[in-house]
Each structure stands twice: as structure tokens, then as C-alpha cells.
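Written below as C-alpha cells is the structure these notes are about.
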Amino acid sequence: MTPATRQEVLGLYRKVLQIAKKWQSASGQAGETLREKEYIRNEARTLFRKNKNVTDPKLIKQCIEECEARIEIGLHYNIPYPRPIHLPPMGLAHKQGRALRHQERLRKISKPIYLKSHEEVS
């Protein structure tokens, strides 16, 4: 990891922690605000620690883009949790075979960048 990339990653981590410190839930209830603040801190710790040994520049760039996307979406919608994806169920594919594998591959490819690491952690 280059020094510039390291500084960018550390800056993102600090930014997430600052957001968690200032976070207010949409409902304004104190209990919910505390739960959301704790969720933001735990999610950041978990994902940054999980990816601390990543050395591939493309993967590092993808992780940075995911972090920035989740920050922007969280601030825009005032929801710290990842937004679900709305894809149609795999009702047209058979239980096994080529069609099912094809639909599973399409669903994996169509997953938004801000949800790439969510399934692995949760």
C-alpha cells in the first residue's frame, strides 16, 4: 500500500468515526441513536480490520469506493444500515442446472458496490 493510499484509508476511518460521534437517528429517540452509533463504529471496526491485510491495489480501490458509497448513502438517507437490493426472486429458474447458476451469477454481478462486503460480515 502506498503512503497516499494509507492516508486515504486512515482518513476514511476517521471520517466514519466522526460521523458516528455526531450521528442522530431519524426518529430522534436517544436509545435508537445510541444503537445506530454503536452499529456504525462496530461495522467500521469489523470491515477495516477484515481488510487490513489487503495488498492488491484494485481491491483496495474497490474497498475505498464501497466505503465512500456507504458514507454518502447513509448520510443522504439518514440510515446507517446498508440499503437492500431489490431484485426479482429466482422464480423462473429450475431448482438445479444451468439456468439457476446463470441467475445466481447475474445476482452476484448486479449487487451494488455498497453491499459487496455486507454479506460477508453479517
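Sorting I73, I60 on solvent-accessible area from highest to lowest, probe radius 1.4 Å, gives I73, I60. Backbone geometry of the stretch 54-65 corresponds, through the Karplus equation with coefficients 6.51, -1.76 and 1.60 at θ = phi - 60°, to 3J(HN,Hα) couplings of 6, 10, 5, x, 5, 5, 4, 4, 5, 5, 5, 5 Hz, x marking Gly and Pro.
If you bin all the Cα-Cα distances of the stretch 3-86 at 10 Å, starting from zero, the percentages per bin are 16, 49, 27, 7, 0. Each label was represented as a point 7 Å from its Cα along the Cα-to-Cβ direction; for D56 and N42 these points are 2.9 nm apart.
Ranking of L75, L47, L10 by solvent-accessible surface, largest first: L75, L10, L47 (1.4 Å probe, protein heavy atoms only, all chains present). Note on V54: accessible area approximately 30 square angstrom, rounded to 10, probe 1.4 Å, nucleic acids and ligands left out.
The values are calculated or read from the model by the stated rules, or taken from the named source; none is laboratory data. Since we're looking at a predicted model, the values are computed, not measured. Note that we place each Cβ from the backbone using ideal geometry, even for glycine, and neighbour counts take in every protein chain shown. Ligands, DNA and RNA are excluded from the accessible area calculation, which covers all protein heavy atoms including side chains. Shrake-Rupley method; radii C 1.70, N 1.55, O 1.52, S 1.80 Å.
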